[in-house]
1. Which members of segment 108-142 meet the condition of being surrounded by fewer than 19 Cβ atoms within 10 Å (Cβ to Cβ), under 15 Å from the mean Cα position of the chain (by Cα) and hydrophobic (A, V, I, L, M, F, W, C)?
2. Would you mind listing the helices (runs of 4 or more DSSP H) fully within segment 61-126 where at least 2 residues are within 23 Å of M18 (Cβ to Cβ)?
3. Exactly one condition in (1) surrounded by 20 or more Cβ atoms within 10 Å (Cβ to Cβ); (2) not in a loop (DSSP other than H, G, I, E, B) is not met by C57; state its number.
4. Evaluate the following for A87: is it farther than 20 Å from F35 by Cβ, surrounded by 20 or more Cβ atoms within 10 Å (Cβ to Cβ) and not assigned by TED's automatic domain parsing to the domain that holds I69?
5. From the list G66, G43, G74, G32, exactly one residue is surrounded by 18 or more Cβ atoms within 10 Å (Cβ to Cβ), in contact (Cβ under 8 Å) with a residue 24 or more places away in the chain and out of contact with any helix residue (DSSP H, G or I) (no Cβ under 6 Å at 6 or more places or on another chain). Which is it?
Amino acid sequence: MNFELNGQQVSVDVEDDMPLLWVLRDELNSKGTKFGCGFAQCGACTVHMNGVAMRSCQLPAVAVNGQKITTIEGLGTPEALGAIQQAWVEHQVAQCGYCQSGQMMQAASLLATNSNPSEQDINNAMAGNLCRCGTYPRIKAAIQAAGKRLREGK
């Protein structure tokens, strides 16, 4: 099975029904995508497939053959943070941090189609991503800041 991961072609030999989450973590050693619930209900495992937010814990490996997958590692690097990552740092969003890669991936999907989301747009887009620490107000502020940064071309 072949697909593009964060701009690089990768090839794995796994069972067709293996969830993408485990392909990423166990086969490709890409640890940024987290396991949360295993039922696609919490959002911790969110990645993009061809730019669309998907829950990797329920996405079978066979479905990603030939597709473009982006994980949190594909949004930026420690030396050059992406707009969303920078906003997360500036707004001190993370507490425990466990859900944050999924939160950022969901936010990136929203901002890719709407760089000036209303509070209701943010609520709707982020409703399926859970945060045990309750940092939702900071998440919203970071999404708005990242949107502004994107609109300004930064």
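The values are calculated or read from the model by the stated rules, or taken from the named source; none is laboratory data. If you're wondering where the values come from, they're calculated on a predicted model, not measured in any experiment. All Cβ positions, glycine included, derive from the backbone under ideal geometry; neighbour counts span all protein chains shown.
1. Answer for segment 108-142, where residues must be surrounded by fewer than 19 Cβ atoms within 10 Å (Cβ to Cβ), under 15 Å from the mean Cα position of the chain (by Cα) and hydrophobic (A, V, I, L, M, F, W, C): A112, A127, L130.
2. Values: elements: 83-90, 100-113, 119-126.
Counting at least 2 such residues, we get 100-113.
3. For C57, the failing item is (2).
4. Spelling it out, A87 is indeed farther than 20 Å from F35 by Cβ, surrounded by 20 or more Cβ atoms within 10 Å (Cβ to Cβ) and not assigned by TED's automatic domain parsing to the domain that holds I69.
5. G74
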